[in-house]
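Working notes, beginning with the structure itself.
Bear in mind that the values in this text are calculations on the coordinates, not laboratory data. These numbers come from a predicted model, not from an experiment. For neighbour counting, all protein chains shown are included, and Cβ atoms are generated from backbone atoms with ideal geometry for every residue, glycine included.
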Amino acid sequence: MLKNSVILILAPVLLFCSCEGKEPAGTEEVGGNKMEIKVTSSAFEEGGMIPSKYTCDGDDISPPLQWDTVPEGTKSVALISDDPDAPVGTWVHWVLFNWPADSKEVTENVPPEKILPNGAKQGITDFHRIGYGGPCPPSGTHRYFFKIYALDKMLDLQAGADKPALLKAMEGHILGQGQLIGKYKRR
């Protein structure tokens, strides 16, 4: 009886300790305190369903994204889109960096080019290609995180870099960040 009581008392403590300090999937942090950036899309609302136009079931083009403001001193913007619900672990759908700091949007249908006309660079995704790769979940409803980072410098990173390389390059240079989450389920 005493053994069962001890287990009942310790179970919540152990559960709390095992979760302490861990970020939910898809919300990894890079750096210290940051200004919150509000990210929106004219194509879908926060937590809403992503239209099939932006998925493998449609035109598979990137959705339009907008953000309210970036902190003073921002020199470039980076974007990572990924799916933490993928059965093989977090699946990277888009890597974009050195986007001009004076812009407050990424327009719909960004071309799959390593270097864009505005000087921004795109990285490689888990689809093993440059540019945006839309939602294409094998089953169920998945969440897709579109994360914006305001950086205090242009990154000295080659086009075609992957998400881990971008995260490493951004360390210590993030002034602000925000995210928009959309969902998608194939029919």
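Each DSSP beta bridge with both residues in segment 28-185 is either parallel or antiparallel, and the antiparallel ones are about 90%. For segment 149-162, 3J(HN,Hα) computed residue by residue from phi via the Karplus equation (6.51, -1.76, 1.60; θ = phi - 60°) reads 10, 8, 10, 8, 7, 7, 7, 8, 9, 6, 4, x, 5, 9 Hz, glycine and proline entered as x. Backbone amide hydrogens, once placed in the peptide plane, bring Trp99 within less than 5 Å of Val77, Lys121, excluding anything fewer than 5 places away on its chain. Close amide H partners of Val110, meaning residues 5 or more places away or on another chain with modelled amide H under 5 Å apart, are Ser62. For Ala86, the residues whose modelled amide H falls within less than 5 Å of its own, excluding neighbours fewer than 5 places apart on the same chain, are Trp91.
Computed over neighbours whose Cβ is under 14 Å from that of Pro51, the net charge equals 0, Lys and Arg +1, Asp and Glu -1.
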